[in-house]
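J.: I'd like to ask some things about the structure below.
The values are calculated or read from the model by the stated rules, or taken from the named source; none is laboratory data. Model, not experiment: these values are computed from the prediction. Neighbour counts are summed over all protein chains in view; Cβ atoms, including those assigned to glycine, are modelled from backbone coordinates with ideal geometry.
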Amino acid sequence: MKKTITIAAFLIVASAALTGCSTIKDVIDVTGPIVDAVNEEDTWITVGDCFDETDDEIVSDVPTIDCALPHDYEVYAEFDIDRADWPGDDEVFELADQGCYGPFTAYVGLALEDSTLDYTYYVPTEDGWNDYDDHAVSCIIFDPAGQTTGSLIAAGR
């Protein structure tokens, strides 16, 4: 039987406005809805996976696609937040931002400030943290100009 883990507050770039979450917007300087995601371990994204944006408010899995095809996002790093107790939304987003910043340069081959690319992330929700011991952050790279084709590893842009 599959273990289901709740992941939440996934920030995806979309045309919808970010309502009541200006702190999130300030962290990564993009707008988009907050989406609750339910992580099924064998269908969840991992480093190197490419996938497209979803309009779903609840995501039960993230269908990956071949990075050689046009796609919206690519996972470039993942880590667990090292805290015993739920640190709160603001700290989770701050820790995700800090944890995703360094690996961006290593993955792309260019510092974020010099890159035309940007990043966002999946972070755990309080319920996922408390009920399923979910502390995972997935760092996700994207091109604000639109879809990319091919992996962004060592893209240098």
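J.: Of the residues that make up region 87-108, is at least one outside any helix (DSSP H, G or I) and touching a residue at least 40 places away in the same chain (Cβ under 8 Å)?
T.: Scanning region 87-108 turns up no residue that is outside any helix (DSSP H, G or I) and touching a residue at least 40 places away in the same chain (Cβ under 8 Å).
For (1) under 14 Å from the mean Cα position of the chain (by Cα); (2) at pLDDT 95 or above, each residue gets a yes or a no:
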position: Ala96; (1), (2): yes, yes
position: Gly99; (1), (2): yes, yes
position: Tyr107; (1), (2): no, yes
position: Tyr121; (1), (2): yes, no
position: Gly128; (1), (2): no, no
position: Phe142; (1), (2): yes, yes
position: Gly146; (1), (2): no, yes
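J.: Still on this structure, please answer the following. Within region 70-94, which residues are under 14 Å from His135 (Cβ atoms), crowded, with 19+ Cβ neighbours inside 10 Å and over 12 Å from the mean Cα position of the chain (by Cα)?
T.: Residue satisfying the conditions is Val92 alone.
J.: Quick test for you: out of Ala77, Ala155, pick the one residue that is in contact (Cβ under 8 Å) with a residue 24 or more places away in the chain, outside any helix (DSSP H, G or I) and more than 17 Å from Trp44 (Cβ to Cβ).
T.: Ala155
J.: On to the next question. Quickly run through region 111-128 and pick out the residues that are among the aliphatic types (A, V, I, L, M) and farther than 22 Å from Thr46 by Cβ.
T.: Ala111
J.: Would you check which residues across region 62-74 are outside any strand (DSSP E or B) and either at pLDDT below 95 or over 20 Å from Leu117 (Cα atoms) (or both) and list them?
T.: Val62, Pro63
J.: Mind checking which residues of region 40-61 are touching a Ser or Thr at 6+ places or on another chain (Cβ under 7 Å) and either modelled with pLDDT under 85 or under 19 Å from Thr125 (Cβ atoms) (or both)?
T.: Within region 40-61, Glu40, Ile45, Asp61 qualify.
J.: Testing Phe51 on (1) of a type outside the set (A, V, I, L, M); (2) in contact with a strand residue (DSSP E or B) (Cβ under 6 Å, 6 or more places away or on another chain); (3) at positive phi, one condition comes back false. Which one is that?
T.: Checking Phe51 against (1) of a type outside the set (A, V, I, L, M); (2) in contact with a strand residue (DSSP E or B) (Cβ under 6 Å, 6 or more places away or on another chain); (3) at positive phi, the one that fails is (3).
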